[in-house]
Amino acid sequence: MRDDPGIGTVRARAYTVPTDAPEADGTFAWDQTTVVVVHVEAGGETGLGYSYTDASVARLIVGTLASHLTGLSAFDIPRANAVLCGAVRNLGRSGLAATAISALDTALWDLKARLLDVSLASLFGQAREHAEIYGSGGFTSYDDRQLREQLAGWIERDGCRSVKMKVGSAPERDPARMAVAKAAIGDASLFIDANGAFTPKHAIGAAQVAERFGVAWFEEPVSSDDPAGMASVRASAPAGMEIAAGEYVYTLDDLRGLLDVGAVDVAQADVTRCGGYSGFLKVAALCEAAHLDLSGHCAPALHLPAAVAAPRFRHLEWFHDHVRIERMLFDGAPVPRDGVITPDLTRPGHGLTLKTRDADAYAV
């Protein structure tokens, strides 16, 4: 442990990586993904965090938030979070500000573990040795060949027992697409994600159609901004189909709004949006109190230490874009084996370091 854990320099930079093919879901289309990477220094060590967000968040971190952290103890992460939340009071805590705080929080936890020379999984304490993953992509922009090859690849190459595809941008095509997907994955479980594309009534109809293809998980059938609508879909969904949401949980109140009305069978949270590791572990405690499982949304490499620590944890989303970016930009990104990823306890912190030279080609 270093003698001086006072927080010093805070750096942030945005990187934009083009997708390897056009991508779309039920409500959005994109051809690039931006990640804002944060470094926080203290006691001769540097912690790394990041969030998939807008490039403007780098300026928010450096220009507005960094000065509030300077001089604070790198060990007192709850205090740092309280200071950061106070600093964005008049900006709005959700959305971009939440992604900024999330990136800083993950960097602070990585820094603390590096100062203590332990892995983050060890620092948090492990409830399990591995985190199960499910393959995620199946974009509505894909043709049948792309859909078939991607979904089958997760099962054959990575050992995934479940895969997820996008639905909702052209609902009339979805039954045929689900048939292609199910034929490609055999006995594995099929998940679908509408990204809030449907009204409650249309979502109930879509769930009834999806049952024919053995769909076990229907994510965001309606917008998570409509907890009552989500609850009505859950109440009418086939018995074997779980309703999931939570990727846009920025605060505990956001999740509590979903839980209070019985909107979900499985809650989701994203460490790059919900307040970093600190927020994610609070979400995990709320899920435990509600007797619900928690699933991690995207950013699998960053989620891993918290995923093995959360008491009622189901699985991590092995999202095509983020897996690709994390392998491109970071040393230490996990490699699946038999459908799980495992933290490297010999590496301090979360074990990730930025490949600066490779990343520079994508700097904004």
### Task
Being surrounded by fewer than 21 Cβ atoms within 10 Å (Cβ to Cβ), within 20 Å of the chain's Cα centre (by Cα) and either under 25 Å from CYS85 (Cβ atoms) or aliphatic (A, V, I, L, M) (or both) is the filter here, so list the residues in segment 255-267 that pass it.
ARG256, GLY257, LEU259, VAL266
### Query
Considering ALA207, ALA231, ALA197, which residue is over 30 Å from ASP338 (Cα atoms), in a helix (DSSP H, G or I) and under 25 Å from the mean Cα position of the chain (by Cα)?
ALA231
## Note on the structure
So the helices (runs of 4 or more DSSP H) completely within segment 241-330 holding 3 or more residues that are modelled with pLDDT of 95 or more and farther than 21 Å from GLY125 by Cβ are 252-260, 320-329
### Query
Residues that are among the charged types (D, E, K, R) and buried (at least 24 other Cβ atoms within 10 Å of the Cβ): which helices (runs of 4 or more DSSP H) entirely in segment 37-139 hold 3 or more of them?
96-116
### Query
Which pairs have Cβ atoms under 9 Å, sit 6 or more apart or on different chains, and link a residue in segment 142-158 that is at pLDDT 95 or above and outside any helix (DSSP H, G or I) to one that is open to solvent by less than 40 Å² (accessible area, probe 1.4 Å) and not charged (D, E, K, R)?
TYR142/ALA21; TYR142/ALA24; TYR142/GLN150; TYR142/MET165
### Query
Pick from segment 160-172 the residues that are more than 22 Å from ALA306 (Cβ to Cβ) and in contact (Cβ under 8 Å) with a residue 12 or more places away in the chain: which of them is surrounded by the fewest Cβ atoms within 10 Å (Cβ to Cβ)?
ALA170
## Note on the structure
Those residues of segment 10-36 which are open to solvent by 70 Å² or more (accessible area, probe 1.4 Å) and of a type in the set (Ser, Thr, Tyr) amount to THR27
### Task
Please work out if TYR250 is of a type outside the set (Asp, Glu), open to solvent by less than 20 Å² (accessible area, probe 1.4 Å) and under 30 Å from LEU111 (Cβ atoms).
no
### Message
For segment 314-326: of the residues being of a type in the set (D, E, K, R) and farther than 21 Å from LEU147 by Cβ, which is most open to solvent (accessible area, probe 1.4 Å)?
### Response
ARG314
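Among the residues of segment 342-360, write down those that are touching a residue at least 40 places away in the same chain (Cβ under 8 Å) and open to solvent by less than 60 Å² (accessible area, probe 1.4 Å). Spell out the reasoning first.
Step one: list which residues in segment 342-360 are touching a residue at least 40 places away in the same chain (Cβ under 8 Å), which gives 342-354, 359.
Answer for segment 342-360, where residues must be touching a residue at least 40 places away in the same chain (Cβ under 8 Å) and open to solvent by less than 60 Å² (accessible area, probe 1.4 Å): PRO343, PRO348, GLY349, HIS350, GLY351, LEU352, THR353, LEU354, ALA359.
Which residue out of PRO305, PRO311, PRO334 is in contact (Cβ under 8 Å) with a residue 40 or more places away in the chain, open to solvent by 10 Å² or more (accessible area, probe 1.4 Å) and of a type outside the set (Asp, Glu)? Explain how you work it out, then say what you get.
Working: PRO305 fails: open to solvent by 10 Å² or more (accessible area, probe 1.4 Å); PRO334 fails: in contact (Cβ under 8 Å) with a residue 40 or more places away in the chain.
None of the others qualify; the one that does is PRO311.
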### Message
Looking at segment 66-87, I want the residues that are within 18 Å of PHE124 (Cα to Cα) and of a type outside the set (S, T, N, Q) and have a partner that is modelled with pLDDT of 95 or more and part of a strand (DSSP E or B) with Cβ atoms under 6 Å, at least 6 apart or on another chain. Which pairs are those?
### Response
ALA74/ILE7; ALA74/ALA42
### Message
If the requirement is being farther than 22 Å from SER119 by Cβ and touching a residue at least 40 places away in the same chain (Cβ under 8 Å), which of these qualifies: ALA363, ALA267?
### Response
ALA363
### Message
Residues that are of a type in the set (Val, Ile, Thr), in contact with a Leu (Cβ under 8 Å, 6 or more places away or on another chain) and in contact (Cβ under 8 Å) with a residue 60 or more places away in the chain: does segment 320-330 have at least one?
### Response
no
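Against the condition in a loop (DSSP other than H, G, I, E, B) and out of contact with any strand residue (DSSP E or B) (no Cβ under 9 Å at 6 or more places or on another chain), how does THR27 come out, does it pass? It would help to see each step written out before you state the result.
Details: in a loop (DSSP other than H, G, I, E, B): yes; out of contact with any strand residue (DSSP E or B) (no Cβ under 9 Å at 6 or more places or on another chain): yes.
Yes, satisfied.
The values are calculated or read from the model by the stated rules, or taken from the named source; none is laboratory data. Computed from a prediction, not measured in an experiment: that's the story for all the values here. Neighbour counts run over all protein chains shown; Cβ positions are idealised from the backbone, glycine included. Accessible surface is based on the protein model in full, side chains and every heavy atom, while ligands, DNA and RNA are left aside. Shrake-Rupley method; radii C 1.70, N 1.55, O 1.52, S 1.80 Å.
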